[in-house]
């Protein structure tokens with residue numbers, strides 16, 4: 001599902017020190033300690049925008065589920081039927097009031113995305129023990145509230161259990177987070193040899209989180225690496241896919257997270273982890289924005305996403321760690337498709353057709369199955385460096401899970 005196009009600026013890249021694809025570090029965070037394990041399959045919410053005053057939604061007349069639902073102003077709850085699909089909410093600007101919200105939260109299932117919040121309204125709902133979604137909005141309703149949120153503002157060191165292994169991450173909760181309206185969640189993965197702390201200080205996404213109001217987690221990889229199939233943790237049994245999903249489940253159980261708007265980004269091998277999640281967990285992540293990493297050749301990393309998923313990649317033509325043209329990386333352990341071949345591969349996986357649109361350094365396929373888009377931002381002469389967090393978020397924030 002795609003929100004209206006937000007123009008993006010030209011790519012800004014920062015120089016990045018290399019520790020076998022590592023991150024530059026001005027360390028201002030901490031590694032994980034203490035945390036909680038994910039709860040139930042959780043509450044999802046209607047998509048949230050980022051700015052303007054709340055608009056009048058065009059109502060969805062029928063709510064979902066007969067159990068546990070509550071209609072906010074203007075929405076009418078149905079007696080038992082599933083909610084009809086409606087229009088998606090628009091995203092624009094930063095800050096602003098919450099938009100109209102209505103519909104119901106039902107037990108044991110998920111309603112359609114009903115209603116329309118205009119000009120950046122934010123609607124949220126949470127309820128039911130097996131997954132509930134906020135419903136359609138009537139005119140000028142107030143945002144539904146989450147049942148609870150235990151997340152504290154600022155940075156915290158967290159852990160989550162994944163198959164008996166304690167995994168750590170840094171969670172950043174922006175100052176504008178209220179715990180009452182559902183917000184997006186971004187997972188930002190570090191490069192090979194790096195850490196969540198380094199990624200927090202170098203990717204630029206924390207500053208965007210503070211401005212736009214989304215939650216962001218900076219995970220730590222075992223062996224300072226990620227297991228994306230043939231590489232690069234010492235053991236091929238490390239469950240980084242399970243780790244990513246566990247972070248989402250845990251934070252949704254403890255906070256007010258819009259499960260339709262969960263995203264992944266990362267630098268270098270963290271970008272590889274973003275590609276991997278798009279291939280393996282398109283049912284959890286709405287879109288991804290990898291930097292300085294490409295898809296591996298299919299025989300090393302098969303990719304079969306469960307649905308068309310939006311992908312925006314950032315690449316430099318002079319990258320010597322992950323060759324722009326493809327081939328063996330500097331480690332010699334994995335084989336890259338190359339930036340342009342990965343771009344075309346994602347376009348094929350998403351059923352994209354011509355024409356492509358250009359915006360500065362970025363080229364996009366905008367006509368893809370399921371409303372997905374595929375983009376490639378190329379810095380001529382650019383090195384192995386993070387992408388532009390502002391451009392990345394402008395892209396990510398336009399997409400929601402169907």
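The length gained by stretching the chain between residue 234 and residue 358 to full extension, at 0.36 nm per residue less their Cα-Cα distance, is 40.6 nm. For the stretch 317-402, the percent of C-alpha pairs falling in each 5 Å distance bin, counted from 0 to the bin holding the largest distance, reads 3, 13, 20, 22, 20, 13, 6, 1. Taking the inverse of the mean reciprocal distance over all distinct Cα pairs, the Kirkwood hydrodynamic radius of the stretch 154-396 comes to 17.7 Å.
The residues 393, 346, when put in order of fewest to most other Cβ atoms within 10 Å, stand as 393, 346.
The calculated FRET efficiency for the pair residue 207 and residue 152, based on their C-beta separation and a Förster distance of 30 Å, comes to about 0.95.
Of all the Cα-Cα pairs you can form in the stretch 224-278, what percent are over 13 Å apart? Show your work: numbers first, answer last.
On the way: 918 of 1485 pairs.
Result: 62 percent of Cα pairs exceed 13 Å.
Each of residue 175 and residue 330 was given a label point 7 Å from its Cα along the Cα-to-Cβ line. The distance between the two points is 3.7 nm.
For each of 250, 265, 356, count neighbouring Cβ atoms within 10 Å of the residue's Cβ, then give the residues from fewest to most. Show your work: numbers first, answer last.
Details: 250 24, 265 30, 356 16.
The fewest-first ordering by Cβ neighbours comes to 356, 250, 265.
Sorting 180, 159 from the fewest to the most surrounding beta carbons within 10 angstrom yields 180, 159. Between residue 223 and residue 166, the contour length at 0.36 nm per residue exceeds the Cα-Cα span by 19.2 nm. Take the alpha-carbon centre of the stretch 333-386, take the same for the stretch 200-252, and report the distance between them in whole Å. What the calculation gives is 22 Å, centre to centre. The Cα atoms of the stretch 248-366 cover 42, 36, 28 Å along the three principal axes, with the biggest extent listed first.
A short reminder: the numbers here are calculations on the coordinates, not readings from a lab. Nothing here was measured: the structure is a model prediction, and the numbers come from that model. Here Cβ is always computed from backbone atoms with ideal geometry, including for glycine, and neighbour counts include all displayed protein chains.
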